[in-house]
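Trainee: Sending over a structure as structure tokens; questions will come in a sec.
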Amino acid sequence: ASTFKYYTMCGLQEGFEPFAVNMNREVTMWFSKRLPTFINVPKDHNHIAVGKRSDRKRIDGTIDSPPCLKVSHKTFGSQNSNADMVFCRLSMPIEFHSAFKHSPIADVNGIHEEDVLKVKHRLEWFYQGPYLSFQYYHSVRVFAGQDPAGVWVGWVTPDYHYYSNNFNLGKNRTVTVTLGDERGRVHESVKRSNCYMVWGGDATSAAHASSRSNVDLEIGCLIDLATGLVTFTINGKEMSSSYQVEPNTKLFPAVFVRPTSANLFQFELGKIKNAMPLSSAIFKSEHKNPIPQCPPRLDVQTISAVLWSRMPNNFLKVDTARVSERHGWVVQCVEPLQMLAVHIPEENRCVDIMELSEQEDLRKFHFHTLKLYCALCALGNTRVAHALCSHLDQSQLLYTIDNQYLSGMLREGCYNVLISIHLETAKEARLMMKDEFIIPVTPETRSIRLFFDASKKHRHPGVGLSTSLKPRFNFAPPCFISTKQEQHLYSPQVPLNTLKEKAISMLTEAVQGGGHHIRDPVGGCVEYQFVPILKLISTLLTMGVLASEDVHQILLLIDPNVFRETREEGNTGATDKEGFAGAVDKAVEAGEEEAAKEAKQPLKGLLEKRLPEPVKRQMCELLHYFCDCELKHRIEAIVSFSDNFVSKLQFNQKFRYNELMLALNMSAAVTAKKTKEFRSPPQEQINMLLTFSTGDDCPCPSDIQEELYDFHNQLQLHCGIPMEEDEDEHHTSIRGRLLMLVNKIKGQAHRAEEPMEKEQAAP
């Protein structure tokens, strides 16, 4: 803070805090990029308004009521009016076929002289009906009052980035690509451009209409995906302008307008004879639907001259060297720099995933896409999980969960996808057996105790030895391309050790540097910072991936005051004091009082922080897992004690039986009394051994009884059941317990007699 010039020079003088106060990370920088790009027209646009009207009740879909998108100028004629050019297009393109099956019509009449023999075949194909036609149509209605000389109608490619207030179709850049052979013969010649449009002035001259007419002007756009031919009509009459487009080209319907009226134009998604509506080409689900459609996701876009791009946090490290003066310079990048971009195929561009924090529509779209991925691979659908690995591979998921600058919604979605694709199956298999305990009686099981030492302190939940049998988790290498039908029975594999290390480190950073006073938490808020990582930690704990040391570290992050061991406090107490004292001295010497205050404050655990409700709910699930671990440990300790206790009972019973068989001077009555235990059924023998009757009739020795009583008290203590206050710890024998019980009963009787004596003594 001492080197922060703004803070020392301006902040203290004027009473303002520095701009980046209470921020853990560097401030993100954005730069302006002069690349004109089409974006959806926002509802609060300063000048342009888009109105939608879709009449879906009419089955015929005639020209009288076609679905349309109306574009108007809100501020035309007012003081805030803006007369700049308006560049508009629809938000979804159409794509030509990969290979043209029919040659386009070249001359005005539509038929070459050498193609007369093919006329019959062409007419048969053309009049087979609209269901097999590859011609699509839409129109643009220029309203009366808008000067047609300031209107351009047609198509643009995704690479169109030209913006000028004085648009001229003749200045649009075009390239002619000619393919020929060595002899100079031309085989193919294609004219490439990013703009295929007609001028409204030519349209009015072709229609012999005035430039300022009181009648609307309708310009139709007809496109053939099978031949690549683009033609236009004016008020139903064909125009001479046409274009030939290459295969696989994507085109957007577009209109460029210089406003001269408040009502500019509207896209009319109607249809004509022998042509399908434009919606059939845009939407694959409407491929054979002759009824025009205009769903909500089809919107109008306008061009933005300047965009904001995010400055990368890290840059490539470029190493330059020169071997000698005679040789040139060597420039190389040894360490690669990883980044993740979102590809938008319709617009033929990529966007850095970090920039989605400022683009709400794209962010919501990709968040819902991630939710769809989670739903597809639910309920153990491992086949779809392997297929989704081609969309989100391992490197992408590990990059997103470890990135601190990612948007909160995308951060949560990526964590959920990681769990659903790779970990959900193994987690559900463990959860199905969480209430079943299969415990093998092995030397490891016999060594389990309720308390780890004589101090009767609780062992940390989830830490230590556990021998319960649990389902194994099996993984398979991701395989989304297969030549034969393979059954993907296992989930796609993921490096669990790497995932474990990332999860613990991110939780540690979140607990140490998180809080409501922080202005830049990971994900944008405390909820997005803690909920995804806690969900991942809970999943890894349920799967049994984390070792005892990892679980102990997580418990310390939850509440260090509760889960810190006593021996750690004794050993590290002096060290902590010395560390704190040293930090305070250094801070005071440097003149940083705030740093000294922070050094005095101990680290707060997660339960000591002020958390929102979603984080509390996730913490409840995590603590519920630790409660299950406590229950499992008690059951394993009971099994361990039971095995040892039954072994001692059997050994003692066998010893008494052998002693009885070797006795020679016993009477018949004594023999009958001694052998009653061994002549009884097994259940009665157990009842006689565990009844613990007083006197000489109890066959169970006192030391074994004491052992069972001690374990019972330990189990009560472990379960949190309070002990009786009148019990004396020194009287742990049977005689002592009997005396305490008698004294307890006598004490209750004396306390009951005292009120009666007081009542009799009262007048």
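Trainee: State all residues of segment 210-269 that are in contact with a strand residue (DSSP E or B) (Cβ under 9 Å, 6 or more places away or on another chain) and of a type in the set (V, I, T); if no residue qualifies, say none.
Mentor: Once the filter is applied, which keeps residues that are in contact with a strand residue (DSSP E or B) (Cβ under 9 Å, 6 or more places away or on another chain) and of a type in the set (V, I, T), segment 210-269 yields I219, I223, T227, V230, T231, T233, I234, V245, T249, V255, V257.
Trainee: Check M661, M688 and return the single one that is without any contact (Cβ under 8 Å) to a residue 24 or more places away in the chain and surrounded by 14 or more Cβ atoms within 10 Å (Cβ to Cβ). So that I can check it myself, show each step before the final result.
Mentor: Details: M661 fails: surrounded by 14 or more Cβ atoms within 10 Å (Cβ to Cβ).
From the options M661, M688, the qualifying one is M688.
Trainee: Starting from segment 235-259, keep only residues that are assigned to a strand (DSSP E or B), then list their pairs with residues that are loosely packed, with under 15 Cβ neighbours inside 10 Å whose Cβ atoms are within a distance under 8 Å, requiring at least 6 positions of separation or different chains.
Mentor: As it stands, the answer is S240/V108; Y243/K191; Q244/V190; Q244/K191; K250/E346; K250/N348, since those pairs meet every condition given.
Trainee: Residues in segment 384-399: is at least one of a type in the set (S, T, Y) and crowded, with 19+ Cβ neighbours inside 10 Å? It would help to see each step written out before you state the result.
Mentor: To start, the set of residues in segment 384-399 that are of a type in the set (S, T, Y) comprises 390, 395, 399.
Adding the requirement that they be crowded, with 19+ Cβ neighbours inside 10 Å leaves none.
No - not one qualifying residue is present in segment 384-399.
To keep it simple, each residue is scored yes or no on (1) in a loop (DSSP other than H, G, I, E, B); (2) among the polar types (S, T, N, Q).
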{"site": "T467", "(1), (2)": "yes, yes"}
{"site": "E501", "(1), (2)": "no, no"}
{"site": "I504", "(1), (2)": "no, no"}
{"site": "T508", "(1), (2)": "no, yes"}
{"site": "D520", "(1), (2)": "yes, no"}
{"site": "F530", "(1), (2)": "no, no"}
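Trainee: For segment 409-463, what are the residues that are among the basic types (K, R) and in contact with a Lys or Arg (Cβ under 7 Å, 6 or more places away or on another chain)? I'd like the intermediate steps shown before the answer.
Mentor: Start the filter on segment 409-463 by keeping residues that are among the basic types (K, R), which leaves 411, 427, 430, 434, 446, 449, 456-457, 459.
Residue satisfying the conditions is R430 alone.
Trainee: Go through (1) modelled with pLDDT of 90 or more; (2) surrounded by fewer than 13 Cβ atoms within 10 Å (Cβ to Cβ) for L356 and report which single condition fails.
Mentor: (2)
Trainee: Considering only residues of segment 456-491 that are more than 25 Å from D550 (Cβ to Cβ) and either in contact with a Ser or Thr (Cβ under 6 Å, 6 or more places away or on another chain) or of a type in the set (S, T, Y) (or both), which is modelled with the lowest pLDDT? Walk me through how you get there before you give the answer.
Mentor: Here is the first cut: in segment 456-491, the residues more than 25 Å from D550 (Cβ to Cβ) are 456, 476-489.
Narrowing further to those that are either in contact with a Ser or Thr (Cβ under 6 Å, 6 or more places away or on another chain) or of a type in the set (S, T, Y) (or both): 480, 482-483, 488.
On the way: F480: 72, S482: 66, T483: 60, H488: 71.
That would be T483.
Trainee: Taking segment 337-370 only, how many residues are among the hydroxyl-bearing types (S, T, Y) and farther than 20 Å from C389 by Cβ? Spell out the reasoning first.
Mentor: Step one: of segment 337-370, the residues among the hydroxyl-bearing types (S, T, Y) are 357, 369.
From the residues that got through so far, the ones that are farther than 20 Å from C389 by Cβ too are 357.
Number of matching residues: 1.
Trainee: Name the residue that is farthest from the chain's Cα centre (by Cα), counting only residues in segment 62-76 that are at pLDDT 85 or above and part of a loop (DSSP other than H, G, I, E, B).
Mentor: Going residue by residue through segment 62-76, those that are at pLDDT 85 or above are 67-76.
From the residues that got through so far, the ones that are part of a loop (DSSP other than H, G, I, E, B) too are 67, 74-76.
Values: P67: 37, K74: 40, T75: 42, F76: 45 Å.
Here the answer is F76.
Trainee: Let me ask something else. Show me the strands (runs of 3 or more DSSP E) entirely contained within segment 326-407 in which 2 or more residues are over 30 Å from T37 (Cβ atoms). Break it down into steps so the answer makes sense when it comes.
Mentor: Working: elements: 329-333, 341-344, 349-352.
Fully inside segment 326-407 and qualifying: 329-333.
Trainee: Looking at segment 642-658, which of its residues are out of contact with any helix residue (DSSP H, G or I) (no Cβ under 7 Å at 6 or more places or on another chain), of a type in the set (K, R) and either touching a residue at least 40 places away in the same chain (Cβ under 8 Å) or surrounded by 15 or more Cβ atoms within 10 Å (Cβ to Cβ) (or both)? It would help to see each step written out before you state the result.
Mentor: Of all residues in segment 642-658, those out of contact with any helix residue (DSSP H, G or I) (no Cβ under 7 Å at 6 or more places or on another chain) come to 642, 646-647, 650-651, 653-656, 658.
Narrowing the set further to residues that are of a type in the set (K, R) leaves 654, 656.
Within segment 642-658, R656 is the sole residue that qualifies.
Trainee: Something else about it: Evaluate the following for I448: is it surrounded by fewer than 18 Cβ atoms within 10 Å (Cβ to Cβ), more than 20 Å from the chain's Cα centre (by Cα), outside any helix (DSSP H, G or I) and touching a residue at least 60 places away in the same chain (Cβ under 8 Å)?
Mentor: On the way: surrounded by fewer than 18 Cβ atoms within 10 Å (Cβ to Cβ): no; more than 20 Å from the chain's Cα centre (by Cα): yes; outside any helix (DSSP H, G or I): yes; touching a residue at least 60 places away in the same chain (Cβ under 8 Å): yes.
When the stated conditions are applied, I448 does not pass them.
Trainee: If you don't mind, another one. Before we move on, is F678 at pLDDT 85 or above and surrounded by 13 or more Cβ atoms within 10 Å (Cβ to Cβ)?
Mentor: no
Trainee: Within the bounds of segment 161-172, is there any residue that is in contact with a strand residue (DSSP E or B) (Cβ under 6 Å, 6 or more places away or on another chain), modelled with pLDDT of 55 or more, surrounded by fewer than 17 Cβ atoms within 10 Å (Cβ to Cβ) and part of a loop (DSSP other than H, G, I, E, B)?
Mentor: yes
Trainee: Follow-up. Got a number for residues in segment 266-307 being surrounded by 20 or more Cβ atoms within 10 Å (Cβ to Cβ), of a type in the set (A, V, I, L, M, F, W, C) and assigned to a strand (DSSP E or B)?
Mentor: From segment 266-307, those surrounded by 20 or more Cβ atoms within 10 Å (Cβ to Cβ) are 266-271, 275-282, 292, 294, 298, 300-301, 303; that's our starting set.
Pick out the ones that are also of a type in the set (A, V, I, L, M, F, W, C) and you get 267, 269, 275-276, 278, 281-282, 294, 298, 300, 303.
Next cut, assigned to a strand (DSSP E or B) only: 267, 276, 300, 303.
Number of matching residues: 4.
Trainee: Follow-up question, since we're still on this one. Mind checking whether some residue in segment 240-262 is in contact with a Lys or Arg (Cβ under 8 Å, 6 or more places away or on another chain) and polar (S, T, N, Q)?
Mentor: yes
Trainee: Given (1) at pLDDT below 90; (2) within 25 Å of N166 (Cβ to Cβ); (3) of a type in the set (A, V, I, L, M), identify the lone condition not met by V255.
Mentor: All conditions are met except number (1).
Trainee: Of the residues that make up segment 308-319, is at least one free of Cβ contacts under 8 Å to residues at least 40 places away in the same chain and either buried (at least 17 other Cβ atoms within 10 Å of the Cβ) or assigned to a helix (DSSP H, G or I) (or both)?
Mentor: no
The values are calculated or read from the model by the stated rules, or taken from the named source; none is laboratory data. From a predicted model like this one, the values you see are computed outputs, not experimental measurements. Backbone-built Cβ (ideal geometry, glycine too); neighbour counts: all protein chains shown.
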